[in-house]
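The values are calculated or read from the model by the stated rules, or taken from the named source; none is laboratory data. Values in this document were obtained by computation on a predicted structure and should not be read as measured data. Cβ sites come from the backbone with ideal geometry, for glycine too, and all protein chains shown count toward neighbours. When the accessible area is computed, the model is the full protein with side chains, heavy atoms only, and any ligands, DNA or RNA have been set aside. Shrake-Rupley method; radii C 1.70, N 1.55, O 1.52, S 1.80 Å.
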Amino acid sequence: MFFCNLPESVVTAFADRGISSDQIRYTAKADVSKENQYEEIYLALTQDELCILYGHERFVDRRRRETQILYQVSDYRSFPLTEIKEVVIDRLYTVSTLIIRTDDGEFTVCRLSLSSVGLFEKFRDRVLALRDGSPIDDSGLKDERRCCPKCKRPYPNQERTICPNCLSNTTSFKRLLKEYLDYKKEAVIIFALILISSILTLLTPLFSSQMFYDQVLTEPSTVNGEVFGKYYGQLAMIVLAIFGIKLVATFFSSVYGIIVSKISCEVLHKLRIKIFSSMQRLSMNFFISKATGTLMTRIDDDSDWLYHFFVDLVPYYIVSILTVIGLVIIMCTLDPLLTLLIFASILIIGFFISRIQYHLKRLHRRQHRAVRSMKSTITDSLGGQKVVKSFAREEQEIRRFGIRNRNYYQTRIDAGYYNASRMPILRMIYRFSEILIFGLGAFFVIKGNITLGTLTALIAYADMALNSIEFFMSSANEVARSMDSASRMFEILDTEPSVRESDHPVRIDRMKGDISVNNISFEYEVGRPVIKNVSFHVCAGQMIGLVGRTGAGKSTIINLIARLYDVTEGEITIDGVNIKDIAFEDLRRNIGIVTQETFLFMDTIANNIRYARPDASMDEVIAAAKAAFAHDFILRFPEGYDTRVGNGGVQLSGGERQRISIARAILQNPAILILDEATAAMDTQTERNIQSAIEKLRQGRTIISIAHRLSTLRDADTLAVIDDGRLCEQGSHRELLDLRGVYYNLHKIQLDSLKFINQD
């Protein structure tokens, strides 16, 4: 079933509304409603209508206490195909909207992430084809792996056939243990200390219960060949022995706790570095589809949960497991029947715990998505406070955050309810078995089958077993959250960059700057080309201007030349070498980029300029600032070049930020300089000064410039006119005017605008 397999609960929900699985030809799934809230939305296309379910999956208990998954429907819509006029995917920068238009009006179905737009375009095509009775070719879909074969859910990342819902705790735990392989000696020491501490803890009831009652408090006697009262009256000896055992056990426990804390900090430190390093190696398309709050959660919150897991959970899990093994051995020697009853209840509870952990992990996956959405809202709102206050949208932002926070609150309630509603039942099972054991043991004492000391020892061991079981029960929720965090962190580590360096890269220390763009095409998403068969050549030392309407594809071309993305077809060469074969370090060092949207780090102005060359001297920084006409305004600050700018340079105007960005590129001294509307935020006089500086920079380097003000490109050696992703014209300013084509029309529009302004 294309394009995703429906879970049984969803099939049942459709069947309840008269849509059987045999009628469904195509399916699709989205997880964001038109109100931008998390919701599981399933679309089913039959021969005659399009059906849409809105809701959430819920875990419910039947009378037999069997946990089942039901799809709780919040809304249902159906559209006869004959009434559908149009199916539109309205594309925005980071999200798109699926819209259905009928004679009755327009209906917004859901929001779509960038990664799912391609699938929904194919789904839309089939809706229209069935409506029009057109033939449908599904042969190209046979190799698509959109859904997990186990749970039938779509892969969150279509580039990776890894389903986070089906990643077992065991798999994640094994991968985490590999991070500890660098600490084998410490691990052996920790295990030895835990083993010694556990053995001493197990010996304590033998001294404090059995020996205390049967050998110290009982007068010397012999019953059925067994001698009692060997140490009758020696209270000081037994008390000191118990105290010594507990003291040594506590010492060893403290030592392994300190070692575990130290190792866990080091391992998670390295793991955070690995994750951050993996993010730095990923390509631009990864960051376009991810919110900042989402990525911060992966590095910060998830790693904190793993630290808690290894420091607070793993050692006590090992202790509890060793304790249970020791209890089995010791208790069997005391009384096999009572031991069997105790551990029968343990096995029953252990089974339920494993089931609870499985469902809790899925609930925590939903909770993570909710908190991720909430943090992204916070990041957007705080980062855009200038816009918020400019439009007086404080109340709107409060409501938007309230919706996200409410969704997060609900997911926490669901997880908490599931955990709280089941743990008391498990405790009741064990308490009931404990009462049964106590009564049965007392009966055995009366009958003379066991001694009072043996019974008290068994009760003490039963309490130890209870503590271990209660730890397993209470930590089930935390283990599920920790393993869910681990699976998300490993998702980052497993993601491969779409733009990769060659296995045997070509090293070019200093490029000449000869650029050839040969029949390149590019698409951000399959089937949506934005650059179409473009070719041009720039000789070393020349300046080329890329002009065209907004959205024509100019910035995409320079992103391809800088290899922020890889071309879909064709090739780009620099000095005769395909840029895919050039080492990243050499390519980035030889290409400098100045964009209209300048980003400055939270650091001093000097360090922001020096970012291109960290080893540059202060004299070089000042010289670059002077060349970019930034020196004068920098000196107006009380701390000059040591002035710290905020996130994104919020203390500076747009023109000042651009001049610092230009100074950064000048300091880099690249062989190829790319200017993407680099002077758009400057006044006319400063722009002329920058143009003069650029004229000086042209000596010995290639310049690619994008500008909407065509007057700034009149002196370029050649101009390339881009229209709808195609190269429609190329030549000098005068040659293009003589053609009276696209460039001529753009030039005429700008002249008319200037005349209108001058008349005012």
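Being hydroxyl-bearing (Ser, Thr, Tyr) and either at pLDDT below 65 or out of contact with any strand residue (DSSP E or B) (no Cβ under 6 Å at 6 or more places or on another chain) (or both) narrows it down to one residue among Thr218, Thr108, Thr201; which is it?
Just one listed residue meets the conditions, Thr201.
Can you tell me which residues in the range 4-43 are open to solvent by less than 10 Å² (accessible area, probe 1.4 Å) and in contact with a helix residue (DSSP H, G or I) (Cβ under 6 Å, 6 or more places away or on another chain)?
Result: Tyr26, Ala28, Tyr42.
Which numbered condition in (1) open to solvent by 50 Å² or more (accessible area, probe 1.4 Å); (2) modelled with pLDDT of 75 or more; (3) within 16 Å of Phe599 (Cα to Cα); (4) in a loop (DSSP other than H, G, I, E, B) is the only one that Phe629 fails?
(3)
Mind checking which residues of the range 182-202 are within 30 Å of Leu452 (Cβ to Cβ) and open to solvent by less than 60 Å² (accessible area, probe 1.4 Å)?
Within the range 182-202, Ser197, Ser198, Leu200, Thr201, Leu202 meet the criteria.
Take the conditions in contact (Cβ under 8 Å) with a residue 12 or more places away in the chain, in contact with a helix residue (DSSP H, G or I) (Cβ under 8 Å, 6 or more places away or on another chain), crowded, with 19+ Cβ neighbours inside 10 Å and assigned to a strand (DSSP E or B) and apply them to Val594. Does it pass?
Details: in contact (Cβ under 8 Å) with a residue 12 or more places away in the chain: yes; in contact with a helix residue (DSSP H, G or I) (Cβ under 8 Å, 6 or more places away or on another chain): yes; crowded, with 19+ Cβ neighbours inside 10 Å: yes; assigned to a strand (DSSP E or B): yes.
Answer is yes for this residue.
Residue by residue, here is whether (1) open to solvent by 60 Å² or more (accessible area, probe 1.4 Å); (2) closer than 30 Å to Arg393 by Cα; (3) in a helix (DSSP H, G or I); (4) modelled with pLDDT of 70 or more holds:
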residue	(1), (2), (3), (4)
Val314	no, no, yes, yes
Ile329	yes, no, yes, yes
Thr339	no, no, yes, yes
Leu347	yes, no, yes, yes
Gln357	no, no, yes, no
Leu360	no, no, yes, yes
His364	no, no, yes, yes
Ala370	no, yes, yes, yes
Asp380	yes, yes, yes, yes
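Cβ-Cβ distance below 6 Å, separation of 6 or more or different chains: which pairs start in the range 23-41 with a residue that is on the phi < 0 side of the Ramachandran plot and in contact (Cβ under 8 Å) with a residue 12 or more places away in the chain and end on one that is basic (Lys, Arg) and open to solvent by less than 30 Å² (accessible area, probe 1.4 Å)?
Correct list of pairs: Tyr26/Arg126.
Please tell me if Val567 is surrounded by 16 or more Cβ atoms within 10 Å (Cβ to Cβ) and closer than 20 Å to Ile662 by Cα. Don't jump to the end; show me each part of the working.
On the way: surrounded by 16 or more Cβ atoms within 10 Å (Cβ to Cβ): yes; closer than 20 Å to Ile662 by Cα: no.
Criteria not met by Val567.
Go through the range 395-423 residue by residue and tally those that are over 12 Å from Thr377 (Cβ atoms), open to solvent by 70 Å² or more (accessible area, probe 1.4 Å) and over 25 Å from the mean Cα position of the chain (by Cα).
Qualifying residue count for the region: 2.
Kindly indicate which of Phe432, Phe343 is within 30 Å of Leu203 (Cα to Cα), surrounded by fewer than 15 Cβ atoms within 10 Å (Cβ to Cβ) and among the aromatic types (Phe, Trp, Tyr).
Numbers: Phe343 fails: surrounded by fewer than 15 Cβ atoms within 10 Å (Cβ to Cβ).
The conditions single out Phe432.
Residue check: is Leu697 surrounded by 19 or more Cβ atoms within 10 Å (Cβ to Cβ), closer than 24 Å to Asp514 by Cβ and at pLDDT 85 or above?
Considered against the rule, which asks whether it is surrounded by 19 or more Cβ atoms within 10 Å (Cβ to Cβ), closer than 24 Å to Asp514 by Cβ and at pLDDT 85 or above, Leu697 comes out as no.
Within the range 443-456, track down each residue that is under 15 Å from Ile342 (Cβ atoms) and free of Cβ contacts under 8 Å to residues at least 40 places away in the same chain.
Passing the criteria: only Leu455.
Can you name the residue in the range 597-609 that is within 27 Å of Ile557 (Cα to Cα) and surrounded by 18 or more Cβ atoms within 10 Å (Cβ to Cβ) and, of all such residues, is modelled with the lowest pLDDT?
Thr598
Is there any pair with a first residue in the range 78-92 that is open to solvent by 50 Å² or more (accessible area, probe 1.4 Å) and of a type in the set (Ser, Thr, Tyr) and a second that is assigned to a strand (DSSP E or B) and modelled with pLDDT of 90 or more whose Cβ atoms are under 8 Å apart and which are 6 or more apart or on different chains, and what are they?
Ser78/Glu49; Ser78/Leu50; Ser78/Cys51; Ser78/Ile52
Return the only residue of His747, His733 being farther than 24 Å from Ile574 by Cα, open to solvent by 30 Å² or more (accessible area, probe 1.4 Å) and at pLDDT 80 or above.
His747
For residues that are more than 12 Å from Thr598 (Cα to Cα) and in contact with a helix residue (DSSP H, G or I) (Cβ under 6 Å, 6 or more places away or on another chain), scanning just the range 674-687, find the one that is modelled with the lowest pLDDT.
So the residue we want is Met682.
Touching a strand residue (DSSP E or B) at 6+ places or on another chain (Cβ under 7 Å), over 26 Å from Arg644 (Cβ atoms) and either at pLDDT below 90 or open to solvent by 10 Å² or more (accessible area, probe 1.4 Å) (or both): is that true of Ile572 in this structure?
On the way: touching a strand residue (DSSP E or B) at 6+ places or on another chain (Cβ under 7 Å): yes; over 26 Å from Arg644 (Cβ atoms): yes; either at pLDDT below 90 or open to solvent by 10 Å² or more (accessible area, probe 1.4 Å) (or both): no.
For Ile572, the condition - touching a strand residue (DSSP E or B) at 6+ places or on another chain (Cβ under 7 Å), over 26 Å from Arg644 (Cβ atoms) and either at pLDDT below 90 or open to solvent by 10 Å² or more (accessible area, probe 1.4 Å) (or both) - is not met.
Could you please find all residues in the range 542-590 being outside any helix (DSSP H, G or I), closer than 18 Å to Pro497 by Cβ and touching a residue at least 60 places away in the same chain (Cβ under 8 Å)?
Ala562, Arg563, Leu564, Tyr565, Asp566, Ile582, Ala583 - these are the residues of the range 542-590 that are outside any helix (DSSP H, G or I), closer than 18 Å to Pro497 by Cβ and touching a residue at least 60 places away in the same chain (Cβ under 8 Å).
Can you pull out the residues in the range 117-135 that are assigned to a loop (DSSP other than H, G, I, E, B) and either in contact with a helix residue (DSSP H, G or I) (Cβ under 9 Å, 6 or more places away or on another chain) or among the hydrophobic types (A, V, I, L, M, F, W, C) (or both)?
Within the range 117-135, Ser134, Pro135 qualify.
Residues being open to solvent by 10 Å² or more (accessible area, probe 1.4 Å), modelled with pLDDT under 70 and over 14 Å from His364 (Cα atoms): count how many of those fall in the range 467-508.
Final tally of qualifying residues: 2.
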